[in-house]
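Trainee: Okay, here's the structure, questions in a sec.
The values are calculated or read from the model by the stated rules, or taken from the named source; none is laboratory data. Here the structure is a predicted model, which means the values were calculated and not measured. Glycine gets a Cβ as well: all are built from the backbone with ideal geometry, and neighbour counts include every protein chain shown.
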Amino acid sequence: MSDFGGRTEYRVCPAKSYVKIRYTVRVENGPVIKGAGELEEMDFVTGYGHVIPGLESRLVGRACGEKLSFAVPAEEAFGARREDLVIEKPWDDFHFPKGTQPYPGMQLPLIAPGSNAPDTVMIREVKGDKIVIDFNHPLSGLPLVYDLEIIEARPAEEKDVCAEWDEQSVHETCGGCSPHEMVLGAPSPGDPDRN
């Protein structure tokens, strides 16, 4: 906290600060992702990795009421685009519901160990009996620009933090597998073949 003429102002800390912002975010020299029509609001507790590192780090030391505009490089947002995360898999490695035809741009849920794994992957191409999937985040490789106002900043209270967050941050480990080893889905015994 800082003292401003007898008035104390809370400053965002790297861990366990509750922060609420009103913002827009866009791809640098590109489209607005959130907040185009009406400003978005988001709240989070620092130190748990719930927002991109470049956003969180730029709020540390700031106070409620501050208005900021800054660019976050791709490496501090969703990471650099990695071509080794675009892989080709046999169609038989996937289990599509009957009548579902995969198509480029289709997102598939992903079951993978470790919290750094994506929740979904995107189909980039369907070629015969092969499917090309992309494990990169759709915004990987892109710098982002934020225009925001901090509308609340205070020490996090017990009600702001889930017990699982503390447990995860203490025991967080790498899943130890490459993207090629992540579970993409397998047919259950007795399921009909793909269409």
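Trainee: Would you confirm whether any residue within region 12-21 is under 13 Å from residue 144 (Cβ atoms) and outside the structural domain of residue 121 (by TED's automatic domain parsing)?
Mentor: Within region 12-21, not a single residue is under 13 Å from residue 144 (Cβ atoms) and outside the structural domain of residue 121 (by TED's automatic domain parsing).
Trainee: Going through 79, 99, 141, 65 one at a time, which residue ends up being within 13 Å of the chain's Cα centre (by Cα), in a loop (DSSP other than H, G, I, E, B) and not aliphatic (A, V, I, L, M)?
Mentor: 79
Trainee: A further question on this structure: Return the total of residues in region 59-101 being among the aromatic types (Phe, Trp, Tyr), within 30 Å of residue 155 (Cα to Cα) and touching a Leu at 6+ places or on another chain (Cβ under 8 Å).
Mentor: Matching residues across region 59-101 total 1.
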